[in-house]
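Where a number appears in this text, it was derived from the coordinates with a stated rule and is not lab data. A quick note: this is a predicted structure, and the numbers were derived from the prediction, not measured. Backbone-built Cβ (ideal geometry, glycine too); neighbour counts: all protein chains shown.
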Amino acid sequence: MAYKKVRNISFYDLKLDPGTLVKTIDKFSNEIALALRARAKPFIRTIPSEGIVRLEVVDEAPQKINFFSEVSKLEKMAGGLPMWLGSAVDGGDIWIDAAKNPHTLIAGTTGSGKTTLLHTMIANSLRNNTAVYLIDTKNIEFSAYTNKINNLVMANTYIDALNMLKFLFLEMESRYASMRKSMSNEGVKKPPSSLLFIIDEFADLIMQDDNNQFAGLLCRLAQKCRASNIHCVLATQRPSSDIISGSVKANFPARIACQVASGIDSKVVLDCSGAERLSGNGDAIIKNYNNDYVRFQVAYSSPEEVIANYAA
């Protein structure tokens, strides 16, 4: 057995005896966690190229990675809307280009780090001079932003959220009309500026969406808006199949899971179990065009820090 540690996670690499099944290790994951005094059940990864099974064991509280102090040290990723989200378990940086995703589904229970991730995405967007449209029907986690940042527009009720969605749909159509006009006049398509649309706690909106007006219009927007440089992020504490329908999932192919309540919820988000074994506090898994189920620690930023850096 080989052992190493990165930040708050210990890695145990095992070579199995012939005939030993990986599911046997998984069967005793509770006992392994108890014996190692771990903060959560171990992740069990098979690495066929090395002929090993790797146990990822969280044995300490995570060290906070401050977004503003760390991102200033990094070379900015090239792309339409580059975002630095945090650090992978191997120490590498997690960069995404939101313009390539094209749309992202995020899930996580209370205390999982989901809201912190959204603050970090907002900070990234403002750092790129990108307009942010934010729906927060609970009016708690993001209320500090109200009327503080010129490039950030908020909606706090179902009606306001629906009106914001209608506005963005018309904005998308207007952008396509302008792009067609520029191509006909100059033969060159001029891409419009990026825009990030964030919906926090999608379940709250769906519970009020009796005629399916909001969900239907959101799917229409997500289907068409990528080329107009409108990029959507949908977040929820409840990633159940009655909230995240098949049509919504199909239009939000990039996924980030913080800790969720069950393996079933993990399968809704990631199409596989595992997110239920995350330890919370920003421990997350990302699956998108550039990351194949990569585990990472979300960089921390708060509304106060974001306002201090980007206030009107």
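Below, the figures for the structure above:
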{"item": "Rounded, prolate or oblate (a/c below 1.5 giving rounded, otherwise prolate when a/b exceeds b/c) for region 2-58 by Cα gyration tensor", "result": "oblate"}
{"item": "Under the Karplus curve 6.51 cos²θ - 1.76 cosθ + 1.60, θ = phi - 60°, whole-Hz ³J(HN,Hα) for region 66-82, x wherever Gly or Pro sits", "result": "7, 4, 5, 6, 8, 5, 5, 8, 9, 6, 5, 5, 6, x, x, 8, x"}
{"item": "Sites matching GluC sites (Glu not before Pro) across region 1-71 that sit in DSSP coil, with at most 15 neighbouring C-beta atoms within 10 Å", "result": "GLU50, GLU60"}
{"item": "Separation of the ILE159 and SER241 label points, Cα + 7 Å toward Cβ, nm", "result": "3.6"}
{"item": "Nitroxide proxy distance, nm - points 7 Å out along Cα→Cβ at LEU21 and LYS190", "result": "6.3"}
{"item": "Residues with amide H under 5 Å from that of VAL6, placed H, sequence gap 5 or more", "result": "PHE11"}
{"item": "Estimated FRET transfer efficiency (LYS224, ASN151; beta-carbon r; R0 22 Å; 0.05)", "result": "0.40"}
{"item": "Difference of contour (0.36 nm per residue) and Cα-Cα distance, ASN30 to TYR289", "result": "89.9 nm"}
{"item": "About the Cα centre, charge dipole magnitude for the chain (Lys/Arg +1, Asp/Glu -1 at Cβ), debye", "result": "640"}
{"item": "Approximate spin-label separation ASP59-ILE264, in nm, with each point projected 7 Å along Cα-to-Cβ", "result": "3.5"}
{"item": "Computed [θ] at 222 nm, deg cm²/dmol, the chain (DSSP H ≥ 4; -39,500 (n - 2.57); rounded to nearest 500)", "result": "-10000 deg cm²/dmol"}
